[in-house]
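First comes the structure, then the notes that go with it.
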């Protein structure tokens, strides 16, 4: 009896995933645990293993399709079995036109003259297109197979490409190149004016000089899902909150000495490599509970949800963009535990394998740009949290000690607060206490 | 016909008869002995010398052509060689009394004529004059090649110079008189009054007439000789030339200071053959060529037949004819009997004549016979004459060696300078006046009735948003008039003529008002002789004057085909820039007058290299282009349109300026800005295109950019391409028949130069490839506004809801091409 393989649900907040690539095709035999396809959420990529054994009878969604979680992605069973019961509503029929369907969400209102709602058809046959239209399609990364020729005798003209652009039917340059290379071997034009001539067909590229000349001045690339998510949350953050950033600095001599002393014996003691950032995380986890308005969520702009424990979000720079995994119950964890957990979470985030559930639930966030030499900045709050602490770089400062100028290392802190939730003075008191704790870190550890 | 002359029915219907004077035939009968009273022995020996130089020159080319070697000098010459072996005595006899102020024009067989004239000039000019001429010709280049080569005198040097320059020209060398670009049939040497020979039979007839006109109008000394062969007497342009040259008005109507006959001699070297056709007895019916003089004018052109095998007989005749011409009693006509012993060309096997005939003429060959006469008369010893003959052979051997040597006489180097001929196609000069004397006029410009009338006119077609009435608006013909009138008061050499230009003011009234201010010699009616009208303008201009001629309808271009296409277009470049051609040829595109009076032939003229072609469509364009054409030194075929003469300036801001201004020939005129489609027009089609643009805008929301191509050649594509790159779409329209319309050339260039910008191939809209039907059916023949919309709808961008009026589908296009319509 044929069975469906579901799109897994990766975390409680995930509603759908995009299939990035199928590893198997219809007709392939699979065993339980064989990799079927790769997929991504807005923050991570995963591979889906087969939960069934048999032959792949039908694939309901193609590469690039956005598939709701816990919906059948394919059917596995014995050849000839009926899979109609397994087929999700609406799937299958759209498979061929999948890229268009996905893009359709962004469709704008068609120009006034085109009243009827156009269906997108893909013309894989011979395409008659004017040079001007072709040039425009190239520039704007429009797949000319989607264009409906309104010129004489069905010729695709400039207007038809403009229609597609107006409807948002453009693709990334990479995808566009792929489409192009699928149609014909990508060749460098050696004909006059850099055009591809007959002699170029089937000829291996590449004349770098020619390529340089014909290359576009810029490349348009659509946001991947994660970037879209970041953009959305950043815009929401700055446009809905009253954010205020304050800067301070503390004498880092104590934590530097402490770290140095740990470093010598870390291996012997089985301790992780504790960084200055870990120390800041620890200090924050211990200081924050004294300032409950900063360990809180502001709900609907009028309700403060103050947390009993500290769940520390740690901003991580990944190749896919910014991710913020959470160290849950940080206030209950030791410095060594916090350090180890922070490293593990960062690693998963960077590899893109982190569970979406680990990317939520923070009550306060720490973002460190100090390692990149930033002296102060304005971190942007992850809503609905009420604060975020930026950790800045170490700077050399001088202070007067017994009438003499003495150089010391100072570390900057940049705190952004939601002024709707908390006023400046209480926030400043948090910073003051945090600085004091860090300057007397051994005392804090002892508490 | 001027009002001063009465066409009297009584006189015309009276009985009577025409009587003729006898025409002399070979009446010269003096012996050399008798002539020793009139000539020194040196003169007689020099006549013999010149005959032998001419003979040796032709023999040399003959041997080079046939055997590839002359006196040990090997050379291959692939070009033409129409030799005058046998005709030398006639040439020397003609040139004997001509000096550098007398102009000769020749035919394809004119080596002897130009060399004889040169030798005569060398004899008459002082050493200083000769040195000046040689130093100044092509910057002394030819002189440098021949000087310091054993010459004993300036005259000897000059003889080397002239023979070398001519031979280098024939051998296509850079040291030739015209860089070798003219060649055998077009060799000439202007500083000696030797004007172009012509490869078109009889081609010199009209051009020489124009040179005589130049001398007459500008009071220049000397006479003009049109050398033709007997075959040329069959050609229409020769008769037109004689008709033009004998007009009664020169004697009866022209102002006192210019009154009298045209100083031109039509000289026929009558060798009895037009190529292989025997003119007397086979292809013509005059029996004796001199007879035709009787049919041309009451003076019978002072025609006579003279023996061209006796140089003294020809000298005698020439002396008398020159006197007649200088006395203002021309033109004259000479039938000079001669014979070419060589074939028409080296490929001629003389299949049309007997050996006996050739031998009979050889027996009286002047090289032998005149030598015997000189010895017999005691004028020279035979060994002296033998020495002269030997010298001529040595001279020719020396020159042939030099001219065939590629080191000494290189070819022009196209590899090094590929644009060498390109630069010679136009002279592109701006010269406001070609002479400094005061222009001859009958009244100040301010008193010209037309100038007064124009003062009261509105110079823009709209006033306060309303159209100005037809009579009040400064129109297209006023614009032409204004530019032309200005130039008449500036350049004293400017003249204009054509059919009905004086009292009528031109068929389309452009010249109305000029009659009152210009003397006859500057504005006169010509016979209905289009070849002579254009050909004489060519001669007038190459002699140093500026001229506007009018052919009335553009359809008559065909009547002056050779004069426009071979003469007007080519002499600047064939002369390597020595001659200038400041001629404006006005032609008007008709309407309402059917198939032979309605054609736009811009494409024909634009096809011929060397012509500038313009077709203004608005008064602003007309005035600026005419001013530009009249300030220039190049031939401009100036198309006008009878649909346009009445219209005022509708586009140019501020209307047509009163002051003089120029529009550069080659520019384009942006009539209306737009974004979606470009419409390019030539001629009166502009106004239908504007109608089409309006409909596009109002009915289809399409914004059209309209550009008028008032210049066809040259044409600057910058603004056209800029527009097409913007819009991506272009339709081109003119009243020319669509097949081979110049617009196809523009369309091709746009396609090549803006291919990647095009949204559709350029669409050309032209007239049908039919005869022009009567005016009532204009809309079926000439492009209409709807045709432009049809082309856009069918070929460029379907117009929503548009119903086409014509069938311009590909199927129809193919069918028409297949049918040749």
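Reported to the nearest whole Å, the Cα centre-to-centre distance from region B:312-330 to region A:242-303 is 125. Computed from Cα atoms, the angle from the helix B:366-376 axis to the main principal axis of chain B rounds to 40 degrees. Take A:26-37, B:223-234, B:488-499 and order them by the average number of nearby Cβ atoms within 10 Å per residue, most first; the result is B:223-234, B:488-499, A:26-37. Between residue A:328 and residue B:36, the distance separating the two model label sites (each 7 Å from Cα on the Cα→Cβ line) works out to 14.7 nm.
Suppose the chain between residue B:802 and residue B:129 were pulled fully straight at 0.36 nm per residue; how much longer would it get relative to their current alpha carbon spacing?
Working: separation 673, 0.36 × 673 = 242.28 nm, distance 7.70 nm.
Residue separation times 0.36 nm, minus the Cα-Cα distance, leaves 234.6 nm.
Each of residue A:355 and residue A:309 was given a label point 7 Å from its Cα along the Cα-to-Cβ line. The distance between the two points is 1.4 nm.
Answer rounded, prolate or oblate for region A:406-447, using the Cα gyration tensor with square roots of eigenvalues a ≥ b ≥ c: rounded when a/c is under 1.5, else prolate when a/b is larger than b/c, else oblate.
oblate
For the residues of B:756-768, the average number of beta carbons from a partner chain within 10 Å of their own beta carbon is 4. Between residue B:28 and residue B:431, the C-beta separation translates, for a Förster distance of 51 Å, into a calculated FRET efficiency of about 0.65. The residue B:149 and residue B:458 beta-carbon pair, evaluated with R₀ = 60 Å, returns a calculated FRET efficiency of approximately 0.25. Ordered by the count of other Cβ atoms within 10 Å of each Cβ, fewest first, B:105, B:161 give B:161, B:105. Between residue B:156 and residue B:694, residue separation times 0.36 nm minus the direct Cα-Cα distance comes to 186.1 nm.
Could you tell me whether region B:260-330 comes out rounded, prolate or oblate from its Cα gyration tensor? Rule is a ≥ b ≥ c as square roots of the eigenvalues, rounded for a/c under 1.5, then prolate if a/b exceeds b/c, otherwise oblate.
oblate
Can you work out the FRET efficiency for the pair residue B:372 and residue B:63, with r the C-beta to C-beta distance and R0 = 35 Å, to the nearest 0.05? According to the calculation, E is roughly 0.85.
Please work out whether region B:669-819 counts as rounded, prolate or oblate from its C-alpha gyration tensor, where a ≥ b ≥ c are the square roots of the eigenvalues and a/c under 1.5 means rounded, while otherwise a/b larger than b/c means prolate and anything else oblate? The shape class here is rounded.
When each of the peptides B:573-579, B:434-440 is scored by how many other beta carbons lie within 10 Å of its residues on average, the order from highest to lowest is B:573-579, B:434-440.
For the pair residue A:300 and residue A:261, the difference between a 0.36 nm per residue extended length and the Cα-Cα distance amounts to 9.3 nm.
Relative to the longest principal axis of the Cα atoms of chain B, helix B:619-631 runs at roughly 20 degrees.
Each label was represented as a point 7 Å from its Cα along the Cα-to-Cβ direction; for residue B:813 and residue B:777 these points are 2.5 nm apart. Counts of other chain beta carbons within 10 angstrom of each beta carbon in peptide B:725-733 average 2. With a cut-off of 17 Å, note down the residues of region A:290-306 whose backbone N falls inside the zone around a label point 7 Å from the Cα of residue A:423 toward its beta carbon. Only A:291-294 pass the distance filter. Counted by neighbouring Cβ atoms within 10 Å, the residues B:713, B:332 run from fewest to most as B:713, B:332. The listed peptides B:468-477, B:306-315, A:408-417, ordered by packing as a protection proxy, come out as B:306-315, A:408-417, B:468-477 (highest mean of other Cβ atoms within 10 Å first). Neighbour counting of Cβ atoms within 10 Å sorts the residues B:780, B:757, A:61, B:77, fewest neighbours leading, into B:780, B:77, B:757, A:61. Per-residue shielding of A:125-132, expressed as the average number of other chain Cβ atoms within 10 Å of the residue Cβ, stands at 4.
Any read-out appearing in this document is the output of simple, stated calculations on the displayed coordinates, not a laboratory observation. Treat the numbers as computed from the prediction; the structure is a model and nothing was measured. Virtual Cβ from ideal backbone geometry, glycine too; neighbours counted across all protein chains shown.
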